[in-house]
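The values are calculated or read from the model by the stated rules, or taken from the named source; none is laboratory data. Computed from a predicted structure; not experimentally measured. In this analysis, Cβ positions are derived from the backbone assuming ideal geometry, glycine residues included, and neighbour counts consider all displayed protein chains.
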Amino acid sequence: MTVDQKGVMVYSEERKLELQLLGAGRELADKLEVELYALLVGAGVAGTDDLIEHGADKVYVVDDAGLARFAVEPYRAAVLGAVRKASPEILLIGATKRGKELAPRVAAALDTGCMTECVRLDVDEERRLVAERLTYGGSCIATEASRRRPHMATVPTRAFPIPQPSEGTGDVVRLEVEVPEPRAVVIERREKTRGDLGLEEAPIIVSAGRGFREREDLRLLEELAEVLGAKIGCSRPIAADSGWLEEWIGLSGRKVKPRLYLACGISGTVQHAAGIRDAQIIVAINRDEAANIFELSDYGVVGDLYRVLPALTRALKEKAE
Ligand SMILES: Cc1cc2nc3c(=O)[nH]c(=O)nc-3n(C[C@H](O)[C@H](O)[C@H](O)COP(=O)(O)OP(=O)(O)OC[C@H]3O[C@@H](n4cnc5c(N)ncnc54)[C@H](O)[C@@H]3O)c2cc1C
């Protein structure tokens, strides 16, 4: 720790999340009576105005051709370059997939700690960062205080609202950072093709678990999804083990917030539950009346999904006609 460390810096490669971080950072900066910095990293970086309008007193920009695509080593160097220049006492990083790769590496290089996926942030009388984070798959809240500077935390999307924009003024500081070559080379990039994109924004999700015996049986869910205008999700084994879908929902997958979540043949483990905690209404279909998913559900159907799903789809179709 050095006495010169001052200011709160926020960074995410996702602009919406960076604006949310500015909201969280502003409160901390005001409490500490320091400036708030936003960091922009990339190649051909443009558009610092919205960051200033949303509260940044200074925007640090690292713009380099080597940062055109995300790779952890060059981005790590860029963030470290900015941190060394600005010397903030707090650094918040968006907990995206990339942010989660980046943050621990930055923390290790700065010989500090990093509290992850924090949903509330504050500072104590010793100017330490104090964070609340969900643990045990979201069933408990831990309150932690950081002991080393710069205090670091990652923050998931939508934990903080985007602050109201105002006509703020701020400086833009362009930094030259030596950007190393990435250690891994990307051989091929392919667009995602399946219908399981956009789960986080979907208002209705119908989701498959290991109660489905064959990949082809997912058509039962597809038919229901079509009637409901729903996206299709699944538990981890369906995607990670069987490879029937691309993305799963849960602790290690997507966290979703639909108005309606329909879990079909999903047992409701703590890891799956962590991803559906914010669903407004959960409906479960499971043939085991003791399945944990019923503990989490607002409505439950004890039955065989191979019979319940076609009947449900038929009934909804009839209602729609
Ligand atoms: C570190 C770690 C992270 C993990 N992260 C995640 C995560 O993010 N998301 C996730 O989902 N899992 C995750 N898991 C895996 C998790 O522990 C479970 O293995 C998984 O959630 C189980 O998936 P499931 O409910 O589909 O399968 P199962 O637990 O096997 O449940 C299948 C259910 O289907 C029911 N069923 C069977 N046949 C029928 C039928 N014909 N009709 C109706 N019901 C039927 C059964 O009664 C049963 O309840 C993680 C595990 C680890 C160790």
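Some notes on this structure:
- Residue count for the range 283-299, restricted to those that are in contact with a helix residue (DSSP H, G or I) (Cβ under 6 Å, 6 or more places away or on another chain) and more than 11 Å from the ligand (Cβ to nearest atom): 1
- When Ser252, Ser242, Ser235, Ser267 are screened for being among the polar types (S, T, N, Q) and at pLDDT below 95, only Ser252 passes.
- Checking each residue in the range 122-158 for being surrounded by fewer than 20 Cβ atoms within 10 Å (Cβ to Cβ), in contact with a helix residue (DSSP H, G or I) (Cβ under 8 Å, 6 or more places away or on another chain) and under 22 Å from Leu22 (Cβ atoms) picks out Asp122, Arg127, Thr157, Arg158.
- Checked across the range 282-296, the condition of being loosely packed, with under 15 Cβ neighbours inside 10 Å and under 20 Å from the mean Cα position of the chain (by Cα) holds for no residue.
- Checking each residue in the range 246-271 for being near the ligand (Cβ under 6 Å from one of its atoms), of a type outside the set (Gly, Ala, Ser), more than 18 Å from Thr157 (Cα to Cα) and crowded, with 24+ Cβ neighbours inside 10 Å picks out only Ile266.
- For Gly198: the one exception among (1) within 14 Å of the ligand (Cβ to nearest atom); (2) surrounded by fewer than 23 Cβ atoms within 10 Å (Cβ to Cβ); (3) within 16 Å of the chain's Cα centre (by Cα): (1)
- Output for the range 84-103, where each listed residue is buried (at least 17 other Cβ atoms within 10 Å of the Cβ) and either within 22 Å of the chain's Cα centre (by Cα) or of a type in the set (A, V, I, L, M, F, W, C) (or both): Ala86, Ile90, Leu91, Leu92, Ile93, Gly94, Ala95, Thr96, Arg98, Gly99, Leu102, Ala103
- Residue count for the range 84-108, restricted to those that are touching a Lys or Arg at 6+ places or on another chain (Cβ under 7 Å) and without any contact (Cβ under 8 Å) to a residue 40 or more places away in the chain: 2
- Only one of the numbered conditions (1) surrounded by 14 or more Cβ atoms within 10 Å (Cβ to Cβ); (2) farther than 24 Å from Lys85 by Cα; (3) of a type in the set (Ser, Thr, Tyr) is not met by Thr112, and that is (2).
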